[in-house]
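Worksheet for the structure shown next.
The values are calculated or read from the model by the stated rules, or taken from the named source; none is laboratory data. Here the structure is a predicted model, which is why all the values come from computation and not from measurement. Don't worry about glycine lacking a Cβ; one is built from the backbone with ideal geometry, like all the others, and counts go over all protein chains shown.
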Ligand SMILES: Cc1cc2nc3c(=O)[nH]c(=O)nc-3n(C[C@H](O)[C@H](O)[C@H](O)COP(=O)(O)O)c2cc1C
């Protein structure tokens, strides 16, 4: 099936809606707590900032995939590996992040070494019901592959209906079984389905027996390792072709303070026959290597650290992790503002709601704003943003004269690839 390449379409609001959005436009930094961030949907969106035209870059069809063949367990495992190998066995993967792993960010990370990416979590029911939601929250392009499209769900038929709309444009349809936030408890999805494994089984079985693309699941740990292993085995038997394991339990919400349990991830990898990905505590490229070694997994996902440093997978690290490490590092001759400019260019090419751009601006330029808080305050005071404003803001920051470089290990060789991108190997 061919992608419908549609340009940005104007997105108009009624005068009343425009007025309400104007009233709601935030003058604060994006201080939404992770609860809202992880599990928000446009229906819950409070920011109201919408001075961009969302695009349906991927073009969504009405979906009518023919059911996949029902294969025996052994053939399914074989097929899972064939698929993974055909995708090139990606190891460095952008994790799903609501409002943050949107198309321009995925493309930015791909430019800097990511080999695959997840979309943000999409709400399966809203996805089936609202064209506006689909157009705003799911955009893609032909270079945006391999791609996992993630849904939260608690109804197999609705999930299938949503999945059928995206399967022509992705390599996996992923089920979010890991969201631990209050809103997921209220909506009964994510990690709260760990209390209802027969329902989880029926979600996986429904998709895996009906879709042409494989099904993957992103899970958290149970407090007891045996429960986690039984859970993972159940997913595999139900037809799941790949499992990503976030090495924390549902109650371990503070990922900055609580280290992911790589030993538990290793146990899952050992127990399963399908590809397994590790998630948690990937802050720089050396973590990628250690994690692959310690867990035996087939790839890793990174979330939070990529937001600060989208060039993480290309071997660059920010000052925070240089201070922590014993190895020698040098200036990688790449600055956070360089990467931010790349991101803005991606956003011009692949339009997304301004709330996402605003959020990335704060993350990517966080170190700059620490040094120049007045520039952050000016940014916060803008109820609407424009590319012109953001490019000028970068010029202003650079004019202060002090660079904030990303670093590479002394032993790294920085090469410029055929696209002019620096890679620290
Ligand atoms: C801003 C943000 C949004 C997130 N949204 C999702 C999501 O939509 N779906 C999901 O499965 N996990 C989501 N997560 C969790 C991450 O995918 C990941 O599992 C978690 O952050 C641990 O990885 P890390 O230690 O590399 O940050 C989100 C995390 C962050 C920081």
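Could you list, in sequence order, the residues of segment 177-188 that are farther than 18 Å from residue 254 by Cα and in contact (Cβ under 8 Å) with a residue 60 or more places away in the chain?
Step one: of segment 177-188, the residues farther than 18 Å from residue 254 by Cα are 186-188.
Of everything in segment 177-188, just one residue is farther than 18 Å from residue 254 by Cα and in contact (Cβ under 8 Å) with a residue 60 or more places away in the chain, namely 187.
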Search result, residues across segment 370-389 that are farther than 25 Å from residue 329 by Cβ, in contact (Cβ under 8 Å) with a residue 12 or more places away in the chain and in a helix (DSSP H, G or I): 375, 376, 378, 379, 380, 387
Look at segment 164-191 and say how many of its residues are touching a helix residue (DSSP H, G or I) at 6+ places or on another chain (Cβ under 6 Å), more than 13 Å from the ligand (Cβ to nearest atom) and within 23 Å of residue 232 (Cα to Cα). 2
Quick one: would you say residue 281 is touching a strand residue (DSSP E or B) at 6+ places or on another chain (Cβ under 9 Å), within 11 Å of the ligand (Cβ to nearest atom) and under 20 Å from residue 115 (Cα atoms)? yes
Starting from segment 295-314, keep only residues that are free of Cβ contacts under 8 Å to residues at least 24 places away in the same chain, then list their pairs with residues that are in a loop (DSSP other than H, G, I, E, B) and within 7 Å of the ligand (Cβ to nearest atom) whose Cβ atoms are within a distance under 8 Å, requiring at least 6 positions of separation or different chains. 305/282
Could you grab me the full set of residues in segment 390-410 that are in a loop (DSSP other than H, G, I, E, B) and without any contact (Cβ under 8 Å) to a residue 40 or more places away in the chain? 400, 401, 402
Among the residues of segment 198-210, are any in a helix (DSSP H, G or I), within 10 Å of the ligand (Cβ to nearest atom) and out of contact with any helix residue (DSSP H, G or I) (no Cβ under 6 Å at 6 or more places or on another chain)? no
So residue 395 passes all but one of these: (1) more than 16 Å from the ligand (Cβ to nearest atom); (2) closer than 18 Å to residue 100 by Cβ; (3) modelled with pLDDT of 95 or more. Which condition number does it fail? (2)
So which of 258, 219 ends up being near the ligand (Cβ under 10 Å from one of its atoms), crowded, with 21+ Cβ neighbours inside 10 Å and farther than 22 Å from residue 113 by Cα? 219
Take the conditions in contact with a strand residue (DSSP E or B) (Cβ under 9 Å, 6 or more places away or on another chain), touching a residue at least 60 places away in the same chain (Cβ under 8 Å) and within 20 Å of residue 242 (Cβ to Cβ) and apply them to residue 216. Does it pass? yes
Residues of segment 248-287 being in contact with a helix residue (DSSP H, G or I) (Cβ under 6 Å, 6 or more places away or on another chain), outside any loop (DSSP other than H, G, I, E, B) and within 29 Å of residue 329 (Cα to Cα), which ones? 262, 278
